[in-house]
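Here the structure comes first, spelled out in structure tokens, and everything after it is commentary.
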Amino acid sequence: MEDKQSPCAQDTDLALPSLIHRSLATYNPELPLLVLAFGQQAMPPSLHQQLRAAGFSVKVVESISHLLVHKDNNACALLLNLDGMSEKQRQRLQRLASQDAQLPVIAFSADNQLPERLAAIRMGAVAFHPMPIRGAQVLHELKVLTERYEADPYNILIIEDQVSVASFYASTLEQAGFQANIISDPMADLMTYLNNNTPDLILLDLYLPSVTGQELAGIIRQQESLISVPIVFLSSEMSPQKQMQAMCTGGDAFLAKPVQPEDLLVAVESRVRRGRAVRNLVTTDPLTGVFNRREVLRRLAEELKRGQRFGSELCIAMVDLDHFKKINDVFGHAAGDQVIRHCAMMLSQQLQDSDLVGRLGGEEFLVLLPETPLEAACAALHQAARGIAQQPPLPTISYTFSVGVACNHPGDKPQDILNRADELMYQAKHGGRNAIVSEAKGAGD
């Protein structure tokens, strides 16, 4: 029987691109992350302003040779507007991708059909969005691509009784920018670790002295917060039947020992990204991209426990937009949604990486500021209010918010501190709005 090429293979003489998610070749924490745009059509002025405000350096390149010059300058992504690209430019970018010499591409096109999406994949796309280019989408994709280097490194838990083997895995991961923690005696240490941490992925030896990895996987899956955390078994076990039995208890992959460094990195990174994507669907508010109500309240409970355990300060802020119903009535609900998204973005940008923002519902947000004194918490919120005044969502729309700021007291439960912040927020409303009201320093001492 004659072998036949697929139609897709006939369309190009280029080698197939690697579909492994690309990352920064080298990362320098002393330099800002650089976003490259191929042509001005991929970087409208409003997007340029949003990226700069979010802390990214931005560079528009007009040729592929210029792209190669800047690729290793802490560049994290390449924005492509496919509508304005020639066939020759597309082929050159496909060639770069086939040689693994391409940055992660965020592609945009007015053509939302499969052939155009396939062309984007062949140019190295990790994300594709229909036109027009939306700043919130770009910022979300950049966060996914860069969080492991900046605010939220990938955290890997290694459960392995052979310390030398575990140390080899940890060293391999840390050299690639991951954080790694080792537990060699899970019977003594695992539950304490899991009660205080949520890893992005667990590397689990199948055979341990006092418990099997299969049994531990079943215990891990009993924890609600760990249901979606990928588990990768490590073992020299070669029996397919035993491998499948292990997978049935909650494993996501099986790597046979000895594991090569490149195989380990590919298996870990791809599963962590998918795991975070699934987790984000569950924990993120779809309109704003900040935490949803359930997740931010869960984080509040965690931070209160941490503050009580270590004696650290925790401030929370109840934020409510002023006269929001009037914005909806005058400008429409689409404009109201834009205002809510804008407020979430400005709060996130003006606060520290350790601070958390969640949407409680409607026009109300909850901000958690761990290890932050009252004065610093109020200063951060005043800065966010100034940012909103200086950069409104639209030239025709301006808005303000009222805020109540409360700090943790000994013995606080989540509802206790929420009630105090809510009462302070209503004091700000009744006092004329566009204000930040905090409880008196030392009120809970």
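Tabulated results
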read-out: Some residue of region 78-100 being at positive phi and modelled with pLDDT under 75; value: yes
read-out: Region 99-136, subset without any contact (Cβ under 8 Å) to a residue 24 or more places away in the chain and part of a helix (DSSP H, G or I), residue nearest to His66 (Cα to Cα); value: Arg117
read-out: Qualifying position, being within 24 Å of Arg52 (Cβ to Cβ) and either of a type in the set (Asp, Glu) or touching an Asp or Glu at 6+ places or on another chain (Cβ under 6 Å) (or both), among Asp355, Asp329; value: Asp355
read-out: Residues located in region 245-289, provided they are in the same structural domain as Ala217 (by TED's automatic domain parsing), among the aliphatic types (A, V, I, L, M) and assigned to a loop (DSSP other than H, G, I, E, B); value: Val259
read-out: Check on Ala377, touching a Phe, Trp or Tyr at 6+ places or on another chain (Cβ under 9 Å), in a helix (DSSP H, G or I) and small (Gly, Ala, Ser); value: no
read-out: When residues of region 172-226 are limited to those that are assigned to a strand (DSSP E or B) and touching a residue at least 40 places away in the same chain (Cβ under 8 Å), the one nearest to the chain's Cα centre (by Cα); value: Leu201
read-out: Residue match in region 335-350 (condition: more than 18 Å from Ile417 (Cβ to Cβ), in contact with a Ser or Thr (Cβ under 6 Å, 6 or more places away or on another chain) and surrounded by fewer than 15 Cβ atoms within 10 Å (Cβ to Cβ)); value: no
read-out: Residue list for region 242-264, filter: out of contact with any Gly (no Cβ under 7 Å at 6 or more places or on another chain) and farther than 22 Å from Thr172 by Cβ; value: Lys242, Gln243, Met244, Gln245, Met247, Cys248
read-out: Pick from region 34-48, criterion at pLDDT 85 or above and part of a helix (DSSP H, G or I), ranking: nearest to Gln137 (Cα to Cα); value: Leu47
read-out: Selection count, region 381-438, where residues are acidic (Asp, Glu) and free of Cβ contacts under 8 Å to residues at least 60 places away in the same chain; value: 2
read-out: Test: Ser348 is assigned by TED's automatic domain parsing to the domain that holds Ala334, closer than 23 Å to Thr284 by Cα, touching a strand residue (DSSP E or B) at 6+ places or on another chain (Cβ under 7 Å) and among the polar types (S, T, N, Q); value: yes
read-out: Within region 137-170, considering residues that are among the polar types (S, T, N, Q) and not in a loop (DSSP other than H, G, I, E, B), the one nearest to Ala217 (Cα to Cα); value: Asn155
read-out: Hits in region 130-140 (condition: crowded, with 18+ Cβ neighbours inside 10 Å and either among the aromatic types (Phe, Trp, Tyr) or touching a strand residue (DSSP E or B) at 6+ places or on another chain (Cβ under 8 Å) (or both)); value: Ile133, Val138
read-out: Test: residue in region 79-95 that is buried (at least 16 other Cβ atoms within 10 Å of the Cβ), part of a loop (DSSP other than H, G, I, E, B) and not β-branched (Val, Ile, Thr); value: yes
read-out: Criterion (within 21 Å of His409 (Cα to Cα), in contact with a Gly (Cβ under 8 Å, 6 or more places away or on another chain) and not assigned by TED's automatic domain parsing to the domain that holds Gln137) met by exactly one of Leu356, Leu374, Leu368; value: Leu368
read-out: Test: residue in region 371-394 that is more than 21 Å from Ala440 (Cβ to Cβ) and among the hydroxyl-bearing types (Ser, Thr, Tyr); value: no
read-out: Leu360 out of contact with any Cys (no Cβ under 8 Å at 6 or more places or on another chain) and closer than 12 Å to Val319 by Cβ; value: yes
read-out: Condition broken by Ile159, with the remaining ones in (1) aliphatic (A, V, I, L, M); (2) surrounded by fewer than 21 Cβ atoms within 10 Å (Cβ to Cβ); (3) not assigned by TED's automatic domain parsing to the domain that holds Ala77 satisfied; value: (2)
read-out: Residues satisfying the stated conditions in region 373-401, i.e. under 28 Å from the mean Cα position of the chain (by Cα), polar (S, T, N, Q) and farther than 20 Å from Ser354 by Cα; value: Gln390, Gln391, Thr400
read-out: Pairs where the first residue, in region 294-318, is without any contact (Cβ under 8 Å) to a residue 60 or more places away in the chain and the second is surrounded by fewer than 17 Cβ atoms within 10 Å (Cβ to Cβ) and assigned to a helix (DSSP H, G or I), C-beta under 7 Å, 6+ apart; value: Ser312/Arg306
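Yes or no, residue by residue, for (1) modelled with pLDDT of 85 or more; (2) buried (at least 18 other Cβ atoms within 10 Å of the Cβ); (3) closer than 20 Å to Leu194 by Cβ:
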residue	(1), (2), (3)
Gln260	yes, no, no
Val268	yes, yes, yes
Gly275	no, yes, yes
Leu281	no, no, no
Pro286	yes, no, no
Arg306	yes, no, yes
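The values are calculated or read from the model by the stated rules, or taken from the named source; none is laboratory data. What you see is a predicted model; the values in this text were computed from it and never measured. Cβ: placed from backbone, ideal geometry, glycine included. Neighbour counts: every protein chain shown.
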